[in-house]
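Before any comments, here is the structure.
The values are calculated or read from the model by the stated rules, or taken from the named source; none is laboratory data. Just so it is clear, the structure is predicted and the values come from calculations on it, not from any experiment. Counting neighbours? That spans all protein chains shown, and the Cβs are built from the backbone with ideal geometry, glycine included. The area values use the complete protein model at the heavy-atom level, side chains included, leaving out ligands, DNA and RNA. Shrake-Rupley method; radii C 1.70, N 1.55, O 1.52, S 1.80 Å.
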Amino acid sequence: MTTTVTLTGTGVPFPSAERAGPGVLVSHEEVHLQFDAGRSTLMRLTQAGIGAHQLAALFLTHLHSDHVSDVVDLAHTRWVQNHLHGTGPLPVVAADGHAPGFVERALTANAYDVEVRMRHVQEHPPEVAGNWFALPARATEVWRSPCGRVGVEAVRVRHEPVEQAVGYRITTPDGVVVVSGDTRVCEEVAALSEGADVVVHEACRSTALAEFVRDTPFETIFSYHADTVALGAMAQRVGVSHLVLTHLIPEPTSPEQEAEYEAEVRRGGFTGRVSVGRDLLTVTLPRDTATDDAQTGVDR
């Protein structure tokens, strides 16, 4: 048995030809879990060999548009293909509050298409199977696979002014994976990440670029993202084995710029394994050095 962690998108709100919107696919055998659905998530999943009909659930960390712009594409494509695969509505797991209304409104985006298709092929309009949970102050299980082998916990993270932002801890027979979502470095994520095999965490070069962004809107933006130096210190303190950086702010456009991310994490004291994420980078648990990091990315 193995568990794989694939970055379906490592980008930010500014579009990039190289980086899709934020997303992480965690797979254990036939259980495929997608965390967030930024732009082009469906295409990256297809490149990874996974169709919308194969997803056991879509988990949302929060509702910033760059993390959810492909939700409607996933749900609608699954609906269009349902007569082929018969997998039913897309299960969506998220903190209660704004998420149910967002998903309901998103499904109306293609109202005319739905009307036309229902005249010919589809018997019912598209829908999702919502699993909404109360915002947890401590790690709380919010989902478990029917086979019982894969469990997902959630905890509130610190991405204020976003009120309902969470990170997830996924436990499989092969190990523990944490997906931070968007957050500052905080004790909630530290507790969630304690002893994890792989932590996929957003990364922002706040310390290095502090003088460049002072008194600009980016100073505010950087304040609610995870500084690379502080992230390295946190990961070392809680015993993270492998830190995978994603949602890279600013986007690195050369190997030298990617290496700067790792250097700053090391400056924070982290001595474990570091991967600076690129789209479709894949990590395998238990670690297999022959196949791990199937796609390119800075890895030490």
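Key figures for this structure:
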read-out	value
Options (i) 31, 21, 18; (ii) 28, 22, 21; (iii) 26, 23, 20 - which one matches semi-axes √(5λ) of the Cα gyration tensor in Å as calculated here	(i)
Nearest 10 degrees, 0 to 90: helix 111-120 Cα axis against the chain principal axis	40 degrees
Thr216/Ala190 FRET efficiency (R0 35 Å; Cβ-Cβ; nearest 0.05)	0.75
For the chain, size of Cβ-based charge dipole, Lys and Arg +1, Asp and Glu -1, in debye	320 debye
His120 paired with Glu251, simple spin-label distance in nm, labels 7 Å along Cα-to-beta-carbon	3.5 nm
Theoretical ellipticity at 222 nm over the chain - DSSP helices of four or more residues, -39500 (n - 2.57) apiece, nearest 500	-7500 deg cm²/dmol
Accessible area in the full protein assembly, largest first, 1.4 Å probe, for Glu188, Glu202, Glu29	Glu29, Glu188, Glu202
Nearest-20 debye value, segment 1-87 charge dipole, Cβ charges on Lys, Arg, Asp, Glu	100 debye
Backbone HN-Hα couplings from phi across segment 234-251 [Karplus 6.51/-1.76/1.60, Hz, Gly and Pro as x]	5, 4, 5, 5, 9, x, 5, 7, 9, 9, 10, 8, 9, 6, 6, 10, x, 5
Accessible area per residue, Å², the chain with all protein chains present, probe 1.4 Å	43 Å²
Cβ-based charge dipole, the chain, positive-most Cα from Val93, Pro126, Gly148	Gly148
Acute angle (nearest 10 degrees) that the helix 71-80 long axis makes with the longest principal axis of the chain, alpha-carbon atoms	30 degrees
Inter-label distance for Thr108 and Ala259, nm, one decimal - labels placed 7 Å from Cα along Cα-to-Cβ	5.3 nm
Between segment 13-41 and segment 118-152, the Cα center-to-center distance that results, in Å	17 Å
Enclosed volume per residue, in Å³, of the convex hull spanned by Cα atoms of segment 141-294	117 Å³
Whole-percent carbon and sulfur share, accessible surface of the chain, 1.4 Å	53 percent
C-alpha long axis of helix 255-267 to longest principal axis of the chain, angle in °	70 degrees
